[in-house]
Amino acid sequence: MPVVTARTSRPPAELDEVTLVRAQRGEDAACRALVERYQRPVFALLGRMIGAGRRPLVEDLAQETFLRAFKALPAFDRGGTAKLSSWILTIATRLAIDELRRGELPRAPIEAAATVGVAPRGEAEAERHLLGARLAAALATLPVDQRATVLLADVHELALDEIARALAVELGTVKSRLSRARARLRDALEEVHE
Amino acid sequence: MSSEHDDETPPIPGDTWGPDEAPPEGFADRVMRARAHAAARASVEERTTAAPTKPPSRRARRAALIGIVVMAAASATFFLWPNGRGGTSSGSEDALARTSVRLGGRGVAVAETGARLAWHVEGGAARVTQVRGDVFYRVEPGGPFVVSTPAGEVEVTGTCFRVRLTEEKNVNPMIKGGAIGAALATVAVVTVYEGVVKVHAQGREVSVPAGQAAKVIGGDAPRMLNGPDGEAGVAVKIDIPAEGDPAADAPREELLARDRRHRDQIAALAVRLGKAEGELQSMRTGGPRPPSGLGGERKFYDFTPEELKEMAKNCEIRYAIPQFGLEAPRISDKQASKLGLTAAQVAQGNQYLAETNEHLMKELRALYVEATGDAAGAETLDPQAMQTEIERKSGVVGDDIRKKIAEELAGLRPPGDPTSGPPLERLTRMLLAVSREARDRGIAIGGKANERMFVSNSSIVSGCSDEE
């Protein structure tokens, strides 16, 4: 059985409205608070979207995510249906998809992805490490749209309609992509258990 | 083409994903430096772009000369202030971004982007000329402190307040040269957070206490916004706890704490103002719509002349368009089977959907940038968000646009030019044109029975503005 580990990319508590207004007005302290609040999920998403071994690119895309967010922030509808976290993750996702589609990035080799990380200590930790590595490797083989869909749904817990808006596709397409992505990832995980 | 599945599959358990990639130490600092760098670069580019590439014309030179004379005249008035304690300080600011300005020893002004002001402080007396924009003032107690605006003068002794200048159509009909109409006037809204502010204009004066606001429309006497003379439905009640003036020897930390507190109060007020504006907008645009002459039928084509006239009466338009977004939609195998389409028809349909998607996204992005000036947002916002922003920037003008187009469709006025008019009008015309084409292409590719094969979004928008 897989060992339970604490995942850190749970949706963050949203920025309070007063700080958000101040950030929309461009106040430095509020903008910094926004970065500090959302940097972890952005890194978590980009790290998995881009794949292992491309840390400088992940950092660049994370920075670009926030710079674009600041530019568009005055137009963010505080009373609208979109949560700020979903909106920022949408920007990050689109940047990652654009980067991956540009074709400049070779796909992360499965072996590389599977061996990334600190060497495990005990047996339980070894299994956890193996599962995580296998999942990362399987994720790297998914088409970028499926990869984005499953990450937004299962890691960042966005609702399906939020994902549909983020990726500008219909709800049915999100369901379809999610179904395929989960099936492939499950296959990869089952290989570990066998 | 692979089929679409609607079946729900259980999520990958959260405990199998492994550790997250974590941000490096000091990442927020790095972003803030990059932000400051980007802002500085944009400012330089703006100045460079604005710089004349050829010698100024005689007309421009004359305008500049007039400007200098005006500024000189303004400066001359500063020197008429009685000389008292303190030194002399003067300057001007044309805020390209939010800027804090020290007004000699008399206080601080925080000018929002686009604000323009000049100041002179001498012997404890300060005069600020605010030509435009939104400026927050924190004034230390002392001699006279006057903010002069095109709409009127604001006089204080020691307080916190904001002066926001806009241009509005004067709602009072004017008789000028025999013509009755509305004039464009500078409007000053003075909001007081602390102390008391006197607002003068046209020989009248109102005293505005903390938590209240006054409005001056150029040429009129000042009016309280939420006092006895308040404007019903516009004023927002502001509850700010009364706070005395700081002690003359108050330490810097205390003043900074006050400043932070006031900024928080301003931000909280902005939230409430936003909500109030939203409610006002919903009052303007919401409410029961006049019933459509089509009896609620969801019809989108082949209207009779009577139906079109009835729709025009209700400022109603209807369109049914394909889905569009960052990715072009495609006809799924399931849809193709349901509609009885051949592989060739599916290929033709997908080609049409791809071309329409490209056209709609390109035009929508261009209209969004034109309406908002936000080129970056055009790359990151989804189509729905861009449409909403275009509509929002247009305010209630949307009703007028629908009325105009509905009347054109009913033959009550000549057809308009689809390439001119404000962004919202062109967007509306584009959606109507795509709606017609989607139907035509549906018939051409799939036959009359499939006239709606490309349609996934249909809208009926009606209701005329109350001003009619």
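The values are calculated or read from the model by the stated rules, or taken from the named source; none is laboratory data. What you are looking at is a predicted structure, and each value in this text was computed from that prediction instead of being measured. A quick note on method: Cβ atoms are made from the backbone with ideal geometry, for glycine too, and the neighbour counts reach across all protein chains shown. Note: accessible area is taken over every heavy atom of the protein model, side chains too, but ligands, DNA and RNA are not part of it. Shrake-Rupley method; radii C 1.70, N 1.55, O 1.52, S 1.80 Å.
Across peptide B:363-376, the average count of Cβ atoms from other chains found within 10 Å of a residue's Cβ is 1. For the chain pair A and B, the buried solvent-accessible surface (1.4 Å probe, both sides summed) amounts to about 5600 Å². The Cα trace of region B:403-462 gives Rg and Dmax of 13.4, 37 Å, the first to one decimal, the second as a whole number. Here the calculated FRET efficiency for A:ALA13 and B:ARG413, from their Cβ-Cβ distance with R0 = 45 Å, stands at 0.25, rounded to the nearest 0.05.
Take each residue in A:22-32, count the other chain C-beta atoms within 10 Å of its C-beta, and the mean is 4. In terms of packing, defined here as the mean over residues of other Cβ atoms within 10 angstrom, the peptides A:62-68, A:181-187, B:25-31 line up highest first as A:62-68, A:181-187, B:25-31. Per residue of peptide A:173-185, the mean number of Cβ atoms on other chains within 10 Å of the residue Cβ is 4. B:GLU316 contributes an accessible area of around 0 Å² to the protein surface, as traced by a 1.4 Å probe with all chains present. Surface composition of region A:22-79: carbon and sulfur make up 44 percent of the accessible area, probe 1.4 Å. Between B:SER420 and B:HIS359, the C-beta separation translates, for a Förster distance of 22 Å, into a calculated FRET efficiency of about 0.70.
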